[in-house]
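Have a look at the structure below before the remarks.
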Amino acid sequence: MQSTNSQYHQSDSQLNDELTQINLAKQNPEAFETLYNKYYEQIFRYVYQRMDDVDLARDVVSQVFLKAMNKLNSYEFRGVPFSAWLYRIAYSELNQAFRENSQTRTINIESSQLPEIELDDEAYSYSEEHKSALISALSQLSEKHLQFIEFRYFEKRSVREVSDIMNISEGNVKVSTHRALKKLQALVIKQLDL
C-alpha cells in the first residue's frame, strides 16, 4: 500500500484536472466515483494506521466519503489537492470514532520511515535501540503533537496541506511541528538516558 510522493504533490495541471473532476461531481454525483477511486486507498491507509481494526477503519472511511459526497457543493478549492479536504474529514471522523468506541489510538509505522524524522541530537543514530526509543516516544506524544509529525513525516504532506487539513495557518503548522519534534527529541533522550 505504498504511495509515491507524486500522489501527494500535484502539478498545476493535475490540480486543474482534479478541479474539473470535482466540478463534474458537483453537477452529477455519479462522477464522484473517480475521486473516490483515486483517494480511497490513501484515506483508508491513513485511518487504518491509527486504528489497527480493519472493519472499524472501513466504517470510518465509508463515513469520510459519504460526508465528502454529501458536502461536495460546499468544497472550495484552496490550491491544494482534494485529498487535503478528505484528510480533514477523516481526521474529524477518526476523533469521533475514538470518542464513540473508546478505541485506543494506534501508531503503525514502518521503521524505514523513522530516519525522515529530523531530530537535532548529534548523539542520536538509527540503531535498533534508538528506533525502539523513537517508536516508544511517539506513543507518548499528545494527539496534537503526533498529528503534526504524522502528517509531515509519515504522510509527507506539505506545510500548506497540513494547514488546510487542520484549518490553521502555515506559520502555526511550522511552529507546532517544531514543538512536536522538540518534545519527541526530549522523550527519546529520556528513554536512552543520553
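Structure above, values below:
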read-out	value
Extension gain, Asp59 back to His178 (0.36 nm per residue minus Cα-Cα distance, nm)	39.5 nm
Karplus (6.51, -1.76, 1.60) ³J(HN,Hα), θ = phi - 60°, over the stretch 73-88, in Hz, Gly and Pro reported as x	5, 8, 5, 10, 5, 10, x, 10, x, 3, 4, 4, 5, 5, 5, 4
Förster radius 22 Å - calculated FRET efficiency between Asn70 and Thr20 (Cβ-Cβ, nearest 0.05)	0.60
Alpha-carbon Rg/Rh ratio, for the stretch 9-106, with Rh computed the Kirkwood way	1.00
Packing-based exposure ordering (other Cβ within 10 Å, fewest first) of Leu187, Leu94, Leu86	Leu187, Leu94, Leu86
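Computed from the coordinates by the stated procedures, all read-outs in this text should not be read as laboratory data. For clarity, every value in this text was computed on a predicted model and none was experimentally measured. Cβ sites come from the backbone with ideal geometry, for glycine too, and all protein chains shown count toward neighbours.
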